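Asks: Before we start, here is the structure in question, set down as structure tokens.
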Amino acid sequence: EKKSITVVELAEMFDVTEETIRRDLKILEEENFLTRTYGGAFIQDGVLNDINLSIRENILVDNKEQIASLCLPHIQNGDSIFIDPSTTALFVANSIKEMRVTVLSNSLKVMDLLSPYKNINLIGIGGTFSSRHMAFFGRNTTLALKEYYVDKAFISCRSVSLEKGITDSSESMAQIRQDIIDRSNEVFLLADHTKFDKASFLHICNLDKIHYLVTDNDLSHEWKEYCQDKKIKILE
């Protein structure tokens, strides 16, 4: 039902030890029912699958670092950039700590990470706080975003496909991404290999609204042909 959960939550729910839960999760993973990660587990499928941030932070860490490293050469000192509340974009934030840039974000994680660095002009977008995403959303967030334009936006998504475009499972997350896409000169979509050729509950935009597709695996000929036709640059 929840698609993602922590070992601590399950241990409390069933009044058993965390070690018992870990053994049960191992069996369920062997049966291909779920995927274990540090401190919990998640189920990948489902159009409404909105995995908790605490679980997402520990999934595909090396892949997210790879994606961030591909983005870094495209960020220059003096740029104004938006970084969304995705765990992949957080790796981008970590890679620019020594640069002189302006960062706009509604992510508390990004704000916390970059706040000690005087070289970064950090602008936090407030609103209603979501502990699930560790970010701010809602009407005030949308209104605040309308005050800004940025050179580059680094956003992720839940799913991406040639037929259905860029989609998400969270309405609040989808809204933020729609807003910033229209207010950015260049849009970088950060998508690891698990997100391709699937669709989630809410449509963010069509693929022709992005300028760069950044991923961790070599894309298929069909994807490369489509991106070439739409003038989308692939970073892989």
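The values are calculated or read from the model by the stated rules, or taken from the named source; none is laboratory data. Keep in mind that this is a model prediction, so the values were computed, not measured. Don't worry about glycine lacking a Cβ; one is built from the backbone with ideal geometry, like all the others, and counts go over all protein chains shown.
Asks: Residues of segment 180-197 being crowded, with 18+ Cβ neighbours inside 10 Å and either at pLDDT below 95 or small (Gly, Ala, Ser) (or both), which ones?
Replies: Hits for segment 180-197 are SER184, ALA191, ASP192, LYS195.
Asks: Taking segment 200-236 only, how many residues are touching a Lys or Arg at 6+ places or on another chain (Cβ under 6 Å), crowded, with 18+ Cβ neighbours inside 10 Å and not in a loop (DSSP other than H, G, I, E, B)?
Replies: Counting residues in segment 200-236 that are touching a Lys or Arg at 6+ places or on another chain (Cβ under 6 Å), crowded, with 18+ Cβ neighbours inside 10 Å and not in a loop (DSSP other than H, G, I, E, B) gives 2.
Asks: Got at least one residue in segment 26-40 being modelled with pLDDT of 90 or more, surrounded by fewer than 17 Cβ atoms within 10 Å (Cβ to Cβ) and not aliphatic (A, V, I, L, M)?
Replies: Within segment 26-40 (the criterion being modelled with pLDDT of 90 or more, surrounded by fewer than 17 Cβ atoms within 10 Å (Cβ to Cβ) and not aliphatic (A, V, I, L, M)), the answer is yes, since at least one residue qualifies.
Asks: Among the residues of segment 102-122, are any part of a loop (DSSP other than H, G, I, E, B) and crowded, with 24+ Cβ neighbours inside 10 Å?
Replies: Looking for residues that are part of a loop (DSSP other than H, G, I, E, B) and crowded, with 24+ Cβ neighbours inside 10 Å, one finds at least one in segment 102-122, hence yes.
Asks: Could you check how many residues of segment 3-30 are over 25 Å from SER200 (Cβ atoms) and part of a loop (DSSP other than H, G, I, E, B)?
Replies: Count: 3.
Asks: Identify, by number, the condition in (1) over 26 Å from ILE232 (Cβ atoms); (2) in contact (Cβ under 8 Å) with a residue 12 or more places away in the chain; (3) surrounded by fewer than 22 Cβ atoms within 10 Å (Cβ to Cβ) that GLU147 doesn't meet.
Replies: (2)
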